[in-house]
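The structure appears right after this line, and notes come after that.
The values are calculated or read from the model by the stated rules, or taken from the named source; none is laboratory data. None of these values were measured; they are calculated from a predicted model. As a convention, Cβ positions derive from the backbone with ideal geometry for all residues, glycine included, and neighbour counts pool all protein chains shown.
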Amino acid sequence: MAASKHAFGVGDLVGGLCTPDNLTLDQDDPGSHDFNLSPFVDPLPIMPVAQAVNIPLAPPIDPSRHQRYSEFTPQKIYIQVLREFDHRYHRDLPETKVWGFNGNVPGETFHARYGEPVLIRRYNQLPANHVGFALPSVTTHLHNLHQASESDGLPWDPVDPGYFWDYHHPNYPAGGDPLEKQTTQWYHDHRMDFTATNVYMGLTGFYLLFDDKDTGDENDPSPQAFGLPSGKYDVPLILHDISFDPAGQLYLSQNINGFLGKYFTVNRKVTPYMEVEPRKYRFRILNGGPSRFYELGLRSDQKFIVIGNDGNLLPAPVIADTLKLSVAQRHDVIVDFSTFQPGSNIVLENLLEQVRGEGPSGRRFDKGAGDSVMQFRVVPLTGPDRSRIPKKLRALSKVNLKKVKKHRLFKFDYIGGIWTVNGNGFDMDRIDAEIEQGSAEIWTIRNGGTRWEHPVHIHFEEFQILEFNGKPLKKGDVNISRKDVLTLGPGDEVKLLFHFRDFLGCHVMHCHNVVHEDHSMMIRWCIVPPTHGPALGEIIEPRPVMRLGNPPIGF
Amino acid sequence: MKSRREFLAAGAAVLPALALSAYASGGSGELVSASADNLSANACKKLGGASAKYFPNPIVMTHEGRKAWFYDDLIKGKIVGINFMSVQKEDKFPVTRNLASTQELLGDKLGRDVFLVSVTTDPDRDTPLVLEKFAKAHGAKEGWIFVTGKSSDMQALYHKLGSHHGHGAMANHHIWRYGNEPYARWATSHALARPHQLAQRLSWVEVRENPSSPTAQL
């Protein structure tokens with residue numbers, strides 16, 4: 001039965017999110033303040049596209065710090081400077097301090113191309129004496145791009161104020177297999193124990209990948225080109241729920257179950273609106289956390305044409321009424337507004353009830369009665385829509401179990417207030433799994449809990465779901481896809497297939513409810529040379545450390 | 001109007017610490033609670049600070065026999081690691097032994113730059129005298145304080161800082177809270193994380209000058 005709840009219609013005030021009787025939004029939330037914020041008064045911000053630089057880097061890039069650098073010599077160099085600045089989350093709120101990249105929150109959107117390796121130098125110029133919940137020591141993870149450990153932005157690779165780090169992204173598909181190409185990735189802070197706080201402060205952005213099929217040009221005459229909506233009709237949307245203190249400054253509690261914000265934001269604006277033309281749009285929707293799960297729907301008869309899951313194009317589009325997104329999950333969708341007259345408004349709403357940080361309540365609101373996330377306002381068409389939705393997109397590589405060398409079981413649970421994997425909290429000095437390079441493995445991920453959900457994220461390699469609670473996925477399920485986040489409901493057990501290729505070194509698996517992650521729900525696993533043998537104690541990987549340096553003039 | 005500290009000092013002269021009389025054996029208090037019958041510790045205004053809203057501020061008794069306001073005296077202005085323990089449970093969950101090893105790694109910084117606070121979850125048995133012996137047995141140095149107090153106050157601390165769900169019995173000692181109070185930086189770790197990792201975490205929350213900023217180069 002759907003939960004009953006008052007609906008926020010157009011012109012309604014955006015109140016606090018759902019709080020059924022006898023349940024508080026957040027058990028530990030004395031500092032969070034209710035503002036009467038009108039929805040749909042701020043336009044949706046669109047992040048600028050990152051621009052490559054053509055200046056010498058000082059000190060220069062050190063190729064010895066990067067695996068396979070000479071094979072993937074960067075063709076483009078980018079500079080990002082992390083700083084603190086003021087941002088207004090809503091017309092009626094004062095400015096609040098945020099952290100961002102080159103003055104942008106969220107950071108600039110990268111447009112990368114397969115076959116065109118890049119290097120991003122990121123300078124940490126955050127205030128060392130920052131007062132507040134976040135730690136101005138950072139590490140920027142490029143979420144599941146296929147990159148070596150030293151450029152992954154791992155939790156144990158801190159970059160303190162005054163230092164920089166070079167991130168080398170080969171833009172090379174796993175195993176050199178074109179079917180492993182990715183499309184919608186994102187970067188975000190991953191500092192050990194402080195990921196939730198630093199992401200909440202603003203350290204996120206998109207990294208999109210294009211190739212000769214997904215070309216980023218809807219008018220591309222190439223017969224291979226998909227012709228998906230492009231340019232201003234290709235819109236990344238990152239969702240965060242946040243709260244403010246009575247002074248209108250960002251507020252985050254110390255609750256270790258998870259944090260639920262009072263207000264929905266999209267691209268860091270509270271419940272914004274976006275003008276759309278009556279034509280097809282590609283939206284890349286990302287749940288940026290920290291702890292909320294979404295089931296998104298449109299308050300219209302419009303459906304989502306799902307073309308991607310976790311940044312991977314599906315074998316074929318799937319029509320869906322709603323989109324489920326646990327933290328860090330992404331869906332690429334096409335929404336066709338061509339049946340709407342200019343002047344029409346369509347609200348994107350969240351139908352999932354969640355009152356605790358641990359996970360959704362299990363209840364779902366009726367269509368039209370969910371919480372408003374943003375609004376689309378239809379304006380007149382400015383030109384013909386030549387974009388297309390191909391019948392076939394990117395096939396899945398065939399499941400080949402011959403290379404499977406190992407089965408592993410990971411149980412997500414908690415003990416005494418510490419979120420655990422196989423009974424342990426995270427230990428940066430312990431290797432929880434050693435994996436032979438080039439091998440495949442089957443991992444069984446089990447939720448030991450009965451009340452909470454975990455969005456389990458595995459770095460570096462995408463997985464396919466072999467079994468969900470003992471059964472294969474049904475035809476037409478959007479999760480028949482390559483993925484990097486697994487939504488693990490209470491008591492769920494899921495079998496995943498991985499191949500581990502191309503680079504040596506250590507990575508992590510963790511709960512992407514970033515509050516759970518910070519409270520220890522993470523393991524470290526390492527890809528080792530196949531000849532190394534089972535008694536391996538050391539891992540061969542370049543372990544660069546942060547380097548001292550100021551950004552060049554003009555940044 | 002007198003400041004709270006002046007008020008407490010004055011109270012010490014005229015009011016016996018009734019509520020904490022069970023701990024009289026712990027030694028003579030520097031601070032004496034005026035809360036006794038008619039003034040709840042939690043009703044007293046805190047001194048204020050970056051993290052004042054977050055921390056409970058009950059009156060506790062230290063293993064040295066001092067009475068102290070938990071937030072005002074033990075947390076405010078400090079880089080501190082906070083854990084929960086009991087003498088009885090130490091064999092099963094050796095958190096104090098782990099912190100004793102951590103203490104060695106902290107060296108001179110303990111008591112000067114960083115502090116450790118261990119809160120008992122068994123206040124009936126863990127009197128100041130018991131904690132004093134326990135601290136001594138573990139070689140606790142200056143800067144590492146064990147605290148006990150009223151059961152309800154220990155529960156308030158546990159539910160706020162040491163518990164997963166904010167309710168229930170004081171059953172677990174897994175959570176170690178650490179942070180830098182004046183800068184409002186707080187995080188948690190597993191209390192049995194390796195000693196060098198716990199020590200390292202305290203250094204993470206320290207404030208260091210940006211080494212490449214123009215002012216640092218002057």
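So B:Ala156 ticks every box in (1) at pLDDT 95 or above; (2) within 16 Å of the chain's Cα centre (by Cα) but one. Which box is left unticked?
(1)
Go through the range A:55-82 and report how many residues are buried (at least 18 other Cβ atoms within 10 Å of the Cβ) and within 22 Å of A:Phe206 (Cβ to Cβ).
Number satisfying all stated conditions: 8.
Checking B:Gly162 against (1) under 22 Å from B:Lys76 (Cβ atoms); (2) of a type outside the set (S, T, N, Q); (3) touching a helix residue (DSSP H, G or I) at 6+ places or on another chain (Cβ under 7 Å): exactly one of these is not met. Which one?
The single condition B:Gly162 does not satisfy is (3).
Pick from the range A:241-284 the residues that are of a type in the set (Val, Ile, Thr) and assigned to a strand (DSSP E or B): which of them is farthest from the other protein chains (Cβ to nearest Cβ)? Break it down into steps so the answer makes sense when it comes.
So the first thing to find is which residues in the range A:241-284 are of a type in the set (Val, Ile, Thr), and the list is A:242, A:256, A:265-266, A:270-271, A:276.
Among the residues that remain, those that are also assigned to a strand (DSSP E or B) are: A:242, A:265-266, A:270, A:276.
Numbers: A:Ile242: 17, A:Thr265: 22, A:Val266: 28, A:Val270: 23, A:Val276: 41 Å.
Applying the filter and picking the extreme gives A:Val276.
Can you find a residue in the range A:110-129 that is within 14 Å of chain B (Cβ to nearest Cβ), part of a loop (DSSP other than H, G, I, E, B) and either out of contact with any strand residue (DSSP E or B) (no Cβ under 7 Å at 6 or more places or on another chain) or modelled with pLDDT under 95 (or both)?
Yes, the range A:110-129 contains a residue that is within 14 Å of chain B (Cβ to nearest Cβ), part of a loop (DSSP other than H, G, I, E, B) and either out of contact with any strand residue (DSSP E or B) (no Cβ under 7 Å at 6 or more places or on another chain) or modelled with pLDDT under 95 (or both).
Restricting attention to the range A:141-149, does a residue exist that is touching a strand residue (DSSP E or B) at 6+ places or on another chain (Cβ under 7 Å), more than 14 Å from every other protein chain (Cβ to nearest Cβ), outside any loop (DSSP other than H, G, I, E, B) and more than 20 Å from A:Glu461 (Cβ to Cβ)? Can you show your working first?
Initially, the range A:141-149 is screened for residues touching a strand residue (DSSP E or B) at 6+ places or on another chain (Cβ under 7 Å), giving A:141-145, A:147-149.
The next check asks that each one be more than 14 Å from every other protein chain (Cβ to nearest Cβ); those that pass are A:141-145, A:147-149.
Pick out the ones that are also outside any loop (DSSP other than H, G, I, E, B) and you get A:141-142, A:149.
Still in the running and more than 20 Å from A:Glu461 (Cβ to Cβ): none.
No, the range A:141-149 has no match at all.
Residue check, A:Asn198 against (1) at negative phi; (2) in a loop (DSSP other than H, G, I, E, B); (3) within 14 Å of chain B (Cβ to nearest Cβ); (4) not hydroxyl-bearing (Ser, Thr, Tyr), all met but one. Which one?
In the conditions (1) at negative phi; (2) in a loop (DSSP other than H, G, I, E, B); (3) within 14 Å of chain B (Cβ to nearest Cβ); (4) not hydroxyl-bearing (Ser, Thr, Tyr), A:Asn198 misses (2) alone.
Could you check the range B:187-199 and list, in sequence order, the residues that are surrounded by fewer than 20 Cβ atoms within 10 Å (Cβ to Cβ) and either more than 9 Å from chain A (Cβ to nearest Cβ) or in contact with a Lys or Arg (Cβ under 6 Å, 6 or more places away or on another chain) (or both)?
We begin by selecting, within the range B:187-199, every residue surrounded by fewer than 20 Cβ atoms within 10 Å (Cβ to Cβ); these are B:194-197.
The one that is surrounded by fewer than 20 Cβ atoms within 10 Å (Cβ to Cβ) and either more than 9 Å from chain A (Cβ to nearest Cβ) or in contact with a Lys or Arg (Cβ under 6 Å, 6 or more places away or on another chain) (or both): B:Pro195.
Of the residues that make up the range A:503-512, is at least one of a type outside the set (Lys, Arg), surrounded by fewer than 16 Cβ atoms within 10 Å (Cβ to Cβ) and either in contact with a strand residue (DSSP E or B) (Cβ under 6 Å, 6 or more places away or on another chain) or at positive phi (or both)? It would help to see each step written out before you state the result.
Filtering the range A:503-512 down to residues of a type outside the set (Lys, Arg) leaves A:503-512.
With surrounded by fewer than 16 Cβ atoms within 10 Å (Cβ to Cβ) added as a condition, the list becomes none.
No; the residues of the range A:503-512 include none that is of a type outside the set (Lys, Arg), surrounded by fewer than 16 Cβ atoms within 10 Å (Cβ to Cβ) and either in contact with a strand residue (DSSP E or B) (Cβ under 6 Å, 6 or more places away or on another chain) or at positive phi (or both).
Restricting to the range A:479-499, name every residue that is in contact with a Gly (Cβ under 9 Å, 6 or more places away or on another chain), modelled with pLDDT of 95 or more and part of a loop (DSSP other than H, G, I, E, B).
A:Ser481, A:Arg482, A:Asp484, listed by residue number.
Can you list residue pairs whose Cβ atoms sit under 6 Å apart, with the first residue in the range B:102-127 being closer than 25 Å to B:His159 by Cα and the second being among the acidic types (Asp, Glu)? Count only pairs 6 or more apart in sequence or on different chains.
Listed by first residue and then by second, the contacts come to B:Thr120/B:Asp126.
Tell me, please, whether a residue that is over 21 Å from the mean Cα position of the chain (by Cα), more than 14 Å from every other protein chain (Cβ to nearest Cβ) and among the hydrophobic types (A, V, I, L, M, F, W, C) can be found in the range A:150-162.
Checked the range A:150-162: no residue is over 21 Å from the mean Cα position of the chain (by Cα), more than 14 Å from every other protein chain (Cβ to nearest Cβ) and among the hydrophobic types (A, V, I, L, M, F, W, C).
When you scan the range A:121-142, do you find a residue that is among the hydrophobic types (A, V, I, L, M, F, W, C), free of Cβ contacts under 8 Å to residues at least 12 places away in the same chain and under 30 Å from B:Tyr178 (Cα atoms), even just one?
Applying the first criterion (among the hydrophobic types (A, V, I, L, M, F, W, C)) to the range A:121-142 yields A:126, A:128, A:131, A:133-135, A:138, A:142.
Narrowing further to those that are free of Cβ contacts under 8 Å to residues at least 12 places away in the same chain: A:131.
From what's left, under 30 Å from B:Tyr178 (Cα atoms): A:131.
The answer is yes; a qualifying residue exists.
Which of the residues belonging to the range A:285-315 are under 22 Å from the mean Cα position of the chain (by Cα) and more than 26 Å from A:Leu37 (Cβ to Cβ)? If you could, list the steps in order and put the result at the bottom.
Of the range A:285-315, the ones under 22 Å from the mean Cα position of the chain (by Cα) are A:285-298, A:304-315.
Within the range A:285-315, A:Phe304, A:Ile305, A:Val306, A:Ile307, A:Gly308, A:Asn309, A:Asp310, A:Gly311, A:Asn312, A:Leu313, A:Leu314, A:Pro315 qualify.
Any idea which of A:Asp29, A:Asp12, A:Asp21 is more than 14 Å from every other protein chain (Cβ to nearest Cβ), within 30 Å of B:Ala156 (Cβ to Cβ) and modelled with pLDDT under 90?
Numbers: A:Asp29 fails: more than 14 Å from every other protein chain (Cβ to nearest Cβ); A:Asp12 fails: within 30 Å of B:Ala156 (Cβ to Cβ).
Matching residue, one of A:Asp29, A:Asp12, A:Asp21: A:Asp21.
All but one of (1) in contact with a strand residue (DSSP E or B) (Cβ under 8 Å, 6 or more places away or on another chain); (2) touching a residue at least 60 places away in the same chain (Cβ under 8 Å); (3) of a type in the set (Gly, Ala, Ser) hold for A:Ser64; which doesn't?
Against the list (1) in contact with a strand residue (DSSP E or B) (Cβ under 8 Å, 6 or more places away or on another chain); (2) touching a residue at least 60 places away in the same chain (Cβ under 8 Å); (3) of a type in the set (Gly, Ala, Ser), A:Ser64 comes up short only on (1).
Any residue at all in the range A:305-322 that's touching a residue at least 24 places away in the same chain (Cβ under 8 Å), assigned to a strand (DSSP E or B) and over 22 Å from A:Ala395 (Cα atoms)? If you could, list the steps in order and put the result at the bottom.
Here is the first cut: in the range A:305-322, the residues touching a residue at least 24 places away in the same chain (Cβ under 8 Å) are A:305-318, A:320-322.
Applying the additional criterion that residues be assigned to a strand (DSSP E or B) yields A:305-309, A:312-318, A:320, A:322.
In the following step, the residues that additionally are over 22 Å from A:Ala395 (Cα atoms) were identified as A:322.
Yes.
Could you tell me which residue of the range B:110-120 is farthest from B:Asn172 (Cα to Cα), considering only residues that are touching a strand residue (DSSP E or B) at 6+ places or on another chain (Cβ under 9 Å) and not in a strand (DSSP E or B)?
Only one residue tops the list, namely B:Asp113.
Is it fair to say A:His516 is out of contact with any Ser or Thr (no Cβ under 6 Å at 6 or more places or on another chain), buried (at least 19 other Cβ atoms within 10 Å of the Cβ) and modelled with pLDDT under 95? Walk me through how you get there before you give the answer.
Working: out of contact with any Ser or Thr (no Cβ under 6 Å at 6 or more places or on another chain): yes; buried (at least 19 other Cβ atoms within 10 Å of the Cβ): yes; modelled with pLDDT under 95: yes.
The answer is yes for A:His516.
Please find, within the range B:172-192, the residue that is nearest to B:Phe55 (Cα to Cα) out of those that are of a type in the set (A, V, I, L, M) and in contact (Cβ under 8 Å) with a residue 40 or more places away in the chain. Show your work before the answer.
Here is the first cut: in the range B:172-192, the ones of a type in the set (A, V, I, L, M) are B:175, B:184, B:187, B:191-192.
From the residues that got through so far, the ones that are in contact (Cβ under 8 Å) with a residue 40 or more places away in the chain too are B:175, B:184, B:191-192.
Details: B:Ile175: 16, B:Ala184: 11, B:Ala191: 19, B:Leu192: 23 Å.
Top of the filtered list is B:Ala184.
Kindly provide the set of residues from the range B:136-147 that are among the small types (Gly, Ala, Ser) and surrounded by 21 or more Cβ atoms within 10 Å (Cβ to Cβ), ordered by number. Before you say what the answer is, go through the steps one by one.
First pass over the range B:136-147, keeping only residues among the small types (Gly, Ala, Ser): B:137, B:139-140, B:143.
Answer for the range B:136-147, where residues must be among the small types (Gly, Ala, Ser) and surrounded by 21 or more Cβ atoms within 10 Å (Cβ to Cβ): just B:Ala140.
Just wondering, is there one or more residues in the range B:89-101 that are of a type in the set (Gly, Ala, Ser) and assigned to a loop (DSSP other than H, G, I, E, B)? Lay out the reasoning, then the answer.
If we filter the range B:89-101 for residues that are of a type in the set (Gly, Ala, Ser), which is where we start, we get B:100-101.
Cutting the leftovers down to assigned to a loop (DSSP other than H, G, I, E, B) gives us none.
Within the range B:89-101, not a single residue is of a type in the set (Gly, Ala, Ser) and assigned to a loop (DSSP other than H, G, I, E, B).
Could you count how many residues in the range B:172-186 are within 7 Å of chain A (Cβ to nearest Cβ), surrounded by fewer than 24 Cβ atoms within 10 Å (Cβ to Cβ) and either under 20 Å from B:Thr120 (Cβ atoms) or among the aliphatic types (A, V, I, L, M) (or both)?
Looking only at that region, the number is 2.
Does B:Tyr54 meet the test of being in a loop (DSSP other than H, G, I, E, B) and either modelled with pLDDT of 50 or more or away from chain A (no Cβ under 14 Å) (or both)?
Values: in a loop (DSSP other than H, G, I, E, B): yes; either modelled with pLDDT of 50 or more or away from chain A (no Cβ under 14 Å) (or both): yes.
Yes; evaluated as a whole, the condition is true for this residue.
Test A:Arg282 against the criterion of being crowded, with 21+ Cβ neighbours inside 10 Å, within 20 Å of the chain's Cα centre (by Cα), over 30 Å from B:Ser189 (Cα atoms) and of a type outside the set (A, V, I, L, M), and give yes or no. Show your work before the answer.
Details: crowded, with 21+ Cβ neighbours inside 10 Å: yes; within 20 Å of the chain's Cα centre (by Cα): yes; over 30 Å from B:Ser189 (Cα atoms): yes; of a type outside the set (A, V, I, L, M): yes.
The answer is yes for A:Arg282.
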